[in-house]
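Structure, as structure tokens:
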Amino acid sequence: MASKRAAQILRPAVNAFRPSSVTLQHVANPHIAIRNLSLRAGRARKLTRVSTTAVRFASSATPTADGQLGRTGLYELHAKHGAKFVPFGGYEMPVQYTDLSIVDSHNWTRQKASLFDVGHMVQHDFSGPGAQAFLERLTPSSLSSLSENHSTLSTLLHPETGGIVDDTVIARLPDSFYVVTNAGCREKDLAYLSEQLETWRKENPDKTVEWKLRDNQGLVALQGPLAATILERVLSEQSASALKSLYFGQCLPGTIKGTDVEVLISRGGYTGEDGFEISIPPSATEAVTQFMLDSAKDELRLAGLGARDTLRLEAGMCLYGHDLDDTTTPVEAGLSWIIGKDRRANGGFHGDSVILQQLKKKSEGGGVTRRRVGLIIEGSPAREGAEIVDEAGEKIGNITSGCPSPTAKKNISMGYIKDGLHKSGTEVQVIVRGKKRKATVTKMPFIGSKYYKAPAPEPK
């Protein structure tokens, strides 16, 4: 989540559910066959309405206190398609599938479209008269200027230090703020939010805030140049038509074709491609996902964490715990743009004294000692932990993410470097397996983004 263009993404959003049971059976388009889709392998079931109260299934349980890994609602579908599972964020998640290597899956996404399971993300709903002010205490974002059905990247901040507790996406929905956080930070974030909310309620008894978790909500990311064409096939005519005016960072409710299953569609993602993240009722997640796969057999493939990581690094996006952590501020991370103008003027958020001072010019005592940068490295790729050094061999930074780029055909990395050496074109060295490799600081993203953005307003 590195650049302003790349980072204003809406991960999931709240679904609205209509009180009726449905079955996927027939549609007017004879070229797309819709049948009773199975919610469990080998067993056909109806897609029914789901209560907004959390419903726990054996295949969608969240991680347990004893360390047992959780599974998303798509675990059985992944297994059926030959997934190789690895632990990630407290869940058993697919890293790749038997039909494609990680590099082939990466390239497939750039050329056609891939479907990623991101149902392990933690989804929160904050509502009530104090919700906006509460969230503005925890984050540096200007939520007062955030339009309905729009979102912004933000960060939860530690009091005093301004360090990043987690990066998050905040969406303003009609009746609430929808906040999505990382699965790997689940326990830390829940403890942080509980503590912050308890303090808020004591200090502001008249500004009530309600906080709900939506643990078992399905979420898939449809990414790639064919994403819009594929999604249109599985939506009702009205919903498909509305996609044309849905731009990057916006969301809208939609209905699955031939049913009354309602989803919420967000245009954005984590790959740098055009795409959508689709929030699905728990009982319908597997069926709707399989429907999308069946509607585009020659264009759409499942993709796992391996391809997702190389895609996000090419797009210059951060991964928490690697490129961001508790000791890093938004200014150091190159995320100063998330700090709203009114917040810069008035403060009022955690760590504001530290962060606002960092935003000042060096002549005014401001600035930081390190900055996040992209690097192109000659020879072998540099991985997390590799040291960045100057000509004299003195350490001036470290790599936080790195891989060979399947698209750019270069070794790319992200890391933190001493302030003053962060300008694009600066030549440094990176120690890879004990050897110094030439590296050049470069702007991110490493490849051009392909987001579907709203047209620029005509000059008056």
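Structure notes:
- Among the strands (runs of 3 or more DSSP E) confined to region 121-231, the ones with at least 3 residues that are not β-branched (Val, Ile, Thr) are located at 122-127, 150-157, 164-172, 210-213, 218-223.
- Flag if residue 260 is at pLDDT 95 or above and either over 14 Å from residue 234 (Cα atoms) or open to solvent by 10 Å² or more (accessible area, probe 1.4 Å) (or both): no
- Residues of region 395-411 satisfying the condition of being open to solvent by less than 50 Å² (accessible area, probe 1.4 Å) and under 28 Å from residue 104 (Cβ atoms): 399, 400, 401, 402, 403, 405, 406, 408, 411
- Some residue of region 234-247 being of a type in the set (Asp, Glu) and either in a helix (DSSP H, G or I) or modelled with pLDDT of 95 or more (or both): yes
- Among the residues of region 147-167, the one identified as modelled with pLDDT of 95 or more, touching a Leu at 6+ places or on another chain (Cβ under 8 Å) and among the polar types (S, T, N, Q) is 155.
- The one condition in (1) of a type in the set (A, V, I, L, M); (2) at pLDDT 95 or above; (3) open to solvent by 20 Å² or more (accessible area, probe 1.4 Å); (4) closer than 30 Å to residue 251 by Cβ that residue 414 fails to fulfil: (3)
- Filtered by the rule that a residue be closer than 20 Å to residue 182 by Cα and open to solvent by 10 Å² or more (accessible area, probe 1.4 Å), region 121-136 gives 121, 125, 136.
- Taken together, 324, 335, 319 contain a single residue that is out of contact with any helix residue (DSSP H, G or I) (no Cβ under 9 Å at 6 or more places or on another chain), under 30 Å from residue 107 (Cβ atoms), in contact (Cβ under 8 Å) with a residue 60 or more places away in the chain and crowded, with 17+ Cβ neighbours inside 10 Å, which is 324.
- Apart from one condition, residue 392 fits all of (1) outside any loop (DSSP other than H, G, I, E, B); (2) open to solvent by 70 Å² or more (accessible area, probe 1.4 Å); (3) among the hydrophobic types (A, V, I, L, M, F, W, C); the exception is (1).
- Flag for residue 217 being in contact (Cβ under 8 Å) with a residue 12 or more places away in the chain, open to solvent by less than 40 Å² (accessible area, probe 1.4 Å) and over 26 Å from residue 302 (Cα atoms): no
- Unique match (being under 30 Å from residue 354 (Cα atoms), modelled with pLDDT of 95 or more and of a type in the set (S, T, N, Q)) among 114, 105, 101, 127: 127
- Considering region 157-204, the residues that are crowded, with 18+ Cβ neighbours inside 10 Å and hydroxyl-bearing (Ser, Thr, Tyr) include one that is farthest from residue 122 (Cα to Cα), namely 176.
- The condition of being open to solvent by less than 20 Å² (accessible area, probe 1.4 Å) and outside the structural domain of residue 243 (by TED's automatic domain parsing) does not hold for residue 452.
- Test: residue in region 378-385 that is open to solvent by less than 20 Å² (accessible area, probe 1.4 Å), in a loop (DSSP other than H, G, I, E, B) and over 19 Å from residue 425 (Cα atoms): no
- For residue 345, the stated conditions hold: it is open to solvent by 20 Å² or more (accessible area, probe 1.4 Å), small (Gly, Ala, Ser) and either outside the structural domain of residue 429 (by TED's automatic domain parsing) or in contact with a Phe, Trp or Tyr (Cβ under 8 Å, 6 or more places away or on another chain) (or both).
The values are calculated or read from the model by the stated rules, or taken from the named source; none is laboratory data. All values reported here derive from a predicted model rather than from experimental measurement. So basically every Cβ, Gly included, is an ideal-geometry build from the backbone, and we count neighbours across all protein chains shown. For accessibility, only protein heavy atoms count, side chains too; no ligands or nucleic acids. Shrake-Rupley method; radii C 1.70, N 1.55, O 1.52, S 1.80 Å.
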